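Down below is the structure, laid out as structure tokens.
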Protein chains: 2
Amino acid sequence: MFEKKMKLDALYEFYGKMLTDKQNEIMDLFCNMDYSLGEISELQGVSRQAIHDTIKRTEKVLDHYEVQLGLYARFQEKQEAFESILALLAQYEMTRDETCISQIKQIATDESEM
Amino acid sequence: MFEKKMKLDALYEFYGKMLTDKQNEIMDLFCNMDYSLGEISELQGVSRQAIHDTIKRTEKVLDHYEVQLGLYARFQEKQEAFESILALLAQYEMTRDETCISQIKQIATDESEM
């Protein structure tokens, strides 16, 4: 559940600009401000169900962009490469094992060429 | 000129899936296959001017996506960070200056959090 919300937040950050103003308004409250469905429903003066439906529909739109473009997945891959570099640096600082340095070089070379 | 073509190639790689089949067909020949306008015009049996116009129009569509989403710019930033890491690694291997390691750590930390 938490992971699903995290992914929705990320997809909204990536593709939010493609949404309509109305979708954007509700997604901003839900994703950026972390308002509950009930709170958004009160703020917007519409039923909780209507808010739920809008979010579900918008989620599908955002998913569709990611299926088409796959840019979030590509971005995540980059983040993971930076995390691997950090882990290898920590290992190097403890062990002074030079293979850590060559592994970092390999990752940075591969990623800078993609 | 060369840089402009490089950017167009990159934007096409990023947002090509959002184009129509016809635009895609021509952009694939132009960007991926590196065909000239004249060659595409012969292949498609339409005038060179028509191909030129289609490419110009498609360029605007791709530019529009980038203005909206800015994902290519974000991606480029990541690539540049990997290039900086490579440069710092090379410097470290020559000088064994530990500040290179801390700089790499800083870059990787900043980038993995974004």
Residue check for A:Gly70: within 14 Å of chain B (Cβ to nearest Cβ) and surrounded by fewer than 15 Cβ atoms within 10 Å (Cβ to Cβ): yes
* Boolean, A:Glu59 is charged (D, E, K, R) and farther than 18 Å from A:Met6 by Cβ -> no
So B:Glu93, is it surrounded by fewer than 18 Cβ atoms within 10 Å (Cβ to Cβ), not assigned by TED's automatic domain parsing to the domain that holds B:Glu13 and not in a loop (DSSP other than H, G, I, E, B):
yes
For region B:81-114, the count of residues that are modelled with pLDDT under 95 and under 22 Å from the mean Cα position of the chain (by Cα) equals 3
Here the residues within region B:1-40 that are among the hydroxyl-bearing types (Ser, Thr, Tyr), without any contact (Cβ under 8 Å) to a residue 40 or more places away in the chain and surrounded by 12 or more Cβ atoms within 10 Å (Cβ to Cβ) are B:Tyr35, B:Ser36
Checked region B:11-53 for anything of a type in the set (Ser, Thr, Tyr) and within 30 Å of A:Asp21 (Cα to Cα); matches are B:Tyr12, B:Tyr15, B:Thr20
So, first residue within 16 Å of B:Ala10 (Cβ to Cβ) in region B:43-64, second residue among the polar types (S, T, N, Q), Cβ within less than 8 Å, six or more apart or across chains; the pairs are B:Thr58/B:Gln23; B:Val61/B:Gln23
Expected single match for of a type in the set (A, V, I, L, M, F, W, C) and closer than 19 Å to A:Phe14 by Cβ among A:Ala81, A:Ala90, A:Ala108 is A:Ala81
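The values are calculated or read from the model by the stated rules, or taken from the named source; none is laboratory data. Here the structure is a predicted model, which means the values were calculated and not measured. No Cβ is skipped: glycine too gets one built from the backbone with ideal geometry, and neighbour counts run over all protein chains shown.
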